[in-house]
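Take a look at the structure below.
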Amino acid sequence: MPLIRTCPHCGQKNRVPAERLADTGRCGSFKNELAPLSEPVAVDTTLFDEIVQNARVPVLVDFWAEWCGPCHMAAPEVKQTAANSAGRALVLKVDTEQNPQLAARYNVRGIPNFAVFSSGKLVTQQAGVVGHLQMAHWLDQARSS
Ligand SMILES: [Zn+2]
């Protein structure tokens with residue numbers, strides 16, 4: 001299942017396969033540039049698997065829930081990480097209330113809980129609020145592992 005990205009220039013919805021999400025693409029209608037994804041993407045299990053297994057860059061996953069205060073504190077850091085690492089990493093958000101089976105798969109108990117994947121493999125996982133510098137550090141490590 002590809003991700004749908006809306007062109008900021010013309011509003012056209014473009015299907016982007018998981019392995020191309022970190023690349024600069026082209027909008028289907030007027031061939032405007034579609035910049036690499038630079039914000040967190042909310043995913044369900046299907047999209048999570050698709051992206052984690054096919055991404056050609058490290059993937060940071062934020063397991064969170066609406067009721068979780070610390071998750072809201074971490075959210076701007078997650079957003080910042082997505083903006084800072086556009087083209088070099090992908091950032092996903094998993095709502096643990098809506099996707100309990102995905103949270104269970106990675107033994108997520110305390111949230112926020114961050115996981116970093118490289119080539120489909122889990123390389124880092126940590127619970128608790130951290131800043132974007134720590135997140136960037138994990139992604140750097142994943143890139144060189
Ligand atoms: Zn367009």
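Throughout, read-outs are computed from the coordinates displayed, never taken from laboratory work. In this text, all values refer to a predicted model and were calculated from it rather than measured experimentally. Don't worry about glycine lacking a Cβ; one is built from the backbone with ideal geometry, like all the others, and counts go over all protein chains shown.
Helix 132-144 and the longest principal axis of the C-alpha atoms of the chain enclose an angle of approximately 70°. Only DSSP H runs of four or more residues enter the estimate; each adds -39500 (n - 2.57), and after division by the residues of the chain the mean residue ellipticity at 222 nm equals -9500 deg cm²/dmol. Considering only trypsin sites (Lys or Arg not before Pro) in DSSP loops that have at most 11 other Cβ atoms within 10 Å, the longest stretch of the chain without any of them is 32-108. Size descriptor for the chain, Kirkwood hydrodynamic radius: 15.3 Å (Cα pairs only, one decimal).
Database remark: amide H of residue 92 closer than 5 angstrom to the amide H of 41, 60, 61, 62 (H placed geometrically; neighbours at sequence offset of 5 or more, or on other chains; Pro and chain starts carry no H). Qualifying chymotrypsin sites (Phe, Trp or Tyr not before Pro) in the stretch 2-72, where qualification requires a DSSP coil assignment and no more than 14 other C-beta atoms within 10 Å, comprise 30, 67.
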